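Notes follow the structure.
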Amino acid sequence: MELKFTRSLLGALALSTALIAASPSLAAGKLTVSLSQDPGSWDPVDTFLVAWATVATNIFDGLTYRGPDLKLVPGLAESWQVSEDGKKITFKLRQNVKFHDGEPFNADAVKFTFDRLLGDEGSKGPQKSNYAAIEKVEVVDPSTVDFILKSPDPVLLTKLAGYGAMIVPPNYIKEKGEDYFNTHPVGTGAFKFISYEPKIGVKLEANPDYWGGAPKISELDYKFITEPATAVAELQAGRVDIVVPPIIPISMVPTIKGDSRLELMSVPGPTVDALRFNTRDGITADVRVRKAIIMAVDRKTIVDAILAGQASEIVSFQSSLSLGYDPDLKGLPFDPEGAKKLLAEAGVKPGAPLQIDIRGNDATMNEVAQAVSSYLQAVGLNPTIKPYELNVLLNDIIPQGKTGALFQQKWGGWTFDYDNTAYSMYHSGEKWNPYEKDAELDKLLESQRPMTDAAEREKVLKQIAAYVNDKALELPLYNSNAIYGVNKRVKNFTPAPDNRIKLNEVTVD
Amino acid sequence: MANATTSGRLNRFKAMEFVVGILLFGTICLAVLFAPLLFPDGGTKIDLAARLTAPFQSFAHVLGTDPLGRDVLARVVTGGKVSLVVGFASVVGSIFVGVAMGLVAGYYRGAWDALLMRFVDVQLALPFILLAITFFAILGGSLINTIVLLIVSQCVQYARLVRGSVLSLREREFILSARAIGVADRNIILRHLLPNLLGPVIVLATLNFANNILLESSLTFLGLGVDPTIPSWGGMLADARTYLQTAWWVSVFPGLAILLTVLGLNLLGDWLRDSLDPTGRTSR
């Protein structure tokens, strides 16, 4: 009883201080951003969602930083040096940086962050495997740390700029506990966390002591809006200033372009869409059927007509910006007659049912899936489309291996390195690979990770893409632009291809 | 005198109701019936090159095309099948189940009455959408399941209506005398009670038909119910949501189809009620 009382008192106190702190800087203005998804948890080790990063890049910092120009620059580390053999990286840390709760950022915080990520707490989340190359972090002095690696990881410096590598406050987590941190994140970033309401939104306020300079706006209000038409309507009504992708359907691009108060910003991004196959059960367990399905669909026409200039066709599950992209890789051609022959050869009877699982709130995919389904009908299959609520699809359907014959996979590939995508999609036992167990593919995937020579690694990555293409593990669709809808009262905003928009430089009229 | 002209005008208005109602509903029924002849491809043929053609521009696509280049007219006409089949089947099913429940509850009273009427109370207290979401989450969406859901949720209206009428009828002389000369219960129910109930049940059925079409469209619009690959009015509206401001015809025509069908049925229902029940006793 007593404990409860003190806690609520503390809560009330914390709330009132937050209110007091927010009021003096109100004049600088408030920015409202719509997000298509509620990340649910704010702990860096516990997420894989782009929507998380959109918010978290304003709360947390990593040792390195990668902005909208995709160039890697110093973050909380001022400089770094990689040893000759690539197995040790020494970071010189920025000094006089404080977390939002007042505790100092130093080498101990870095060590704590990575011990936590690579230890028991990290094992509960999906981020640990991305940082498996790190053996340990050693504190040299309060402003210097050594990263000792098991094997060189060419993408590690990029990976330190996001997700699991965000530096977290040791004392705060030790005192308040993991659960509290999960819903009340504290970092060193440009904005401080105020409140989070599940399914509704999250509010941040400016951190005037930010090491990169105080933000130019005082308040940041993220709203979770999952319905595309609603998000655009809110933007038109002026209740939302920025709509973050991926939510604006291609069909509403003309609507935004036609509104004089709004601006449409579209940048080529890492986001790729594919319909992946259930390679374990049913007719799609047969590689001939998978190839037939790919050949039956005229992907070029779909991309040209439905995605009208906002996307490009892909052959493997990566964008052309990604390391491992092979311009010479040829996908299967559009050939309905060949598809019919293959289906007959595989013994598939005309009218064989086929379920396509898609994200229910993805209006563009809804159209694409209907087009795909009509192409499949033309070769004698009988497809049905099953739209799922996003979180159900991502948590209960795909990882549990409960999908139909085809299921939509949308992937951010934020490191712009095919390894990040391919390992998660095709290596046995990974969360996003519920069906495929292929020793040869596993070996290929593992072999490129320790390589330090980028050219050598790229060769293996291309081999992986060719192998996947050969086994027809997915029906690759398109690499879509990141489409932002922005109110013209927002100034100095740069759309980021990877959705990680840091808003400290933005101003509003 | 004044009274006579008013009632004359009223009668003419009633006749109009019937004519307009039968015209609207009849036309739509005929169109849907002959849809396979008029549009053999069932409005599923995709022509991405001709996407979003505006209406009244060409003979090939009189009402324009949707975002996938499918003919809107063909889809509206073909899509009516889902609405009409669901509406009709669910009403027939509801009549059978609901009337049986009402007859048993009203005629036998006692434990049966209590049990059935509590079921009716529970059913009326459940929010429809909640019931629908739970139902489809467990059983999955399909045409048959949509019909079953509508029967389960709508039959209680018939049960209540019939039970109320039976309660008053069973005390009337013709029933009492039938019972006195030893007519079997089954015959009393089927021969004497049922014919006297048909009027109000038919009126309710007509109005319920319209209501069920609206419910089916809403369910399909929400992505519950019928598979999105089958053309249906609700599904067409859902697909057209993001085109409201740039291609109005994709949503307006299926919307009009729902409106006209429901209007036609409601006019017919009103007319039926007034003709079968001039005293207005059983106004819903």
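Nothing in this text is a laboratory measurement; each read-out follows from the coordinates by a stated rule. None of the values given here were measured: they were computed from a predicted structure. Cβ sites come from the backbone with ideal geometry, for glycine too, and all protein chains shown count toward neighbours.
Points worth noting:
- Pairs with C-alpha atoms separated by more than 29 Å, drawn from the list A:Lys386/A:Lys459; A:Lys437/A:Lys459; A:Lys88/A:Lys216; A:Lys199/A:Lys402; A:Lys124/A:Lys199; A:Lys136/A:Lys223, are A:Lys386/A:Lys459; A:Lys88/A:Lys216; A:Lys136/A:Lys223.
- Its Cα centre serving as origin, chain B has a Cβ charge dipole (Lys and Arg +1, Asp and Glu -1) of approximately 640 debye.
- Summary of the geometry: the stretch A:153-200 and the stretch A:409-423, compared by the centres of their Cα atoms, lie 22 Å apart.
- The alpha-carbon of A:Lys300 sits under 19 angstrom from the alpha-carbons of these lysines, leaving out residues fewer than 8 places away in its chain: A:Lys291, A:Lys330, A:Lys410, B:Lys45.
- Theoretical FRET efficiency, 1/(1+(r/R0)^6), r = Cβ-Cβ of B:Ala137 and A:Glu456, R0 35 Å, to 0.05: 0.10
- With a Förster radius of 45 Å applied to the beta-carbon distance between A:Asp209 and A:Lys150, the computed FRET efficiency rounds to 0.75.
- Backbone N within the stretch B:23-43 under 18 Å of label point (7 Å from B:Val85 Cα along the Cβ vector): B:28-43
- Inter-part distance where the stretch A:253-297 and the stretch B:165-194 are each reduced to a Cα centre, Å: 66
- For A:Ser319, the shell of other residues with beta-carbons less than 13 Å away shows a net charge of -4, using +1 for Lys and Arg and -1 for Asp and Glu.
- B:Asp185 versus B:Arg109: modelled label distance in nm, points set 7 Å from Cα along the beta carbon direction: 1.4
- Helices in chain B that qualify as membrane-span-like (whole DSSP H runs, Cα extent of at least 15 Å along the helix axis, mean Kyte-Doolittle hydropathy of -0.5 or higher) are B:2-33, B:72-108, B:110-125, B:128-139, B:143-169, B:194-221, B:249-276.
- Look at A:His427, B:His61 and count the other Cβ atoms within 10 Å of each Cβ; fewest to most, that gives A:His427, B:His61.
- For chain A, the longest principal axis of the Cα atoms and the long axis of helix A:439-448 meet at an angle of about 40 degrees.
- Between helix A:2-22 and chain A: long-axis angle, C-alpha atoms, 0 to 90°, nearest 10: 90
- Net charge of the neighbourhood of A:Thr384, taken over other residues with C-beta under 11 Å away and scored Lys/Arg +1, Asp/Glu -1, is -1.
- With contributions of -39500 (n - 2.57) from each DSSP H run of at least four residues, the per-residue ellipticity at 222 nm computed over chain A stands at -9000 deg cm²/dmol.
- The slack in the chain from A:Ala344 to A:Glu313, taken as 0.36 nm per residue of separation less the alpha-carbon distance, amounts to 8.4 nm.
- Gap separating the Cα centres of the stretch B:210-237 and the stretch A:51-73, nearest whole Å: 43
- The fewest-to-most ranking of B:Thr229, B:Thr261, B:Thr53 by surrounding Cβ atoms within 10 Å reads B:Thr229, B:Thr53, B:Thr261.
- Amide H partners (placed H, <5 Å) of A:Tyr65, local residues excluded: A:Val73, A:Gly75
- Beta bridges per DSSP, both residues in the stretch A:272-480: antiparallel share near 55 percent.
- With at most 13 neighbouring Cβ atoms within 10 Å, loop chymotrypsin sites (Phe, Trp or Tyr not before Pro) (DSSP) excluded, longest segment of chain B: B:60-284
- On Cα atoms only, tilt of A:228-237 relative to the major axis of chain A in degrees: 50
- Antiparallel content of DSSP bridges confined to the protein assembly as shown, in %, to 5: 75
- Working note: 222 nm ellipticity from helices only, DSSP H runs with n ≥ 4, each -39,500 (n - 2.57), summed and divided by the residues of chain B, gives -24000 deg cm²/dmol to the nearest 500.
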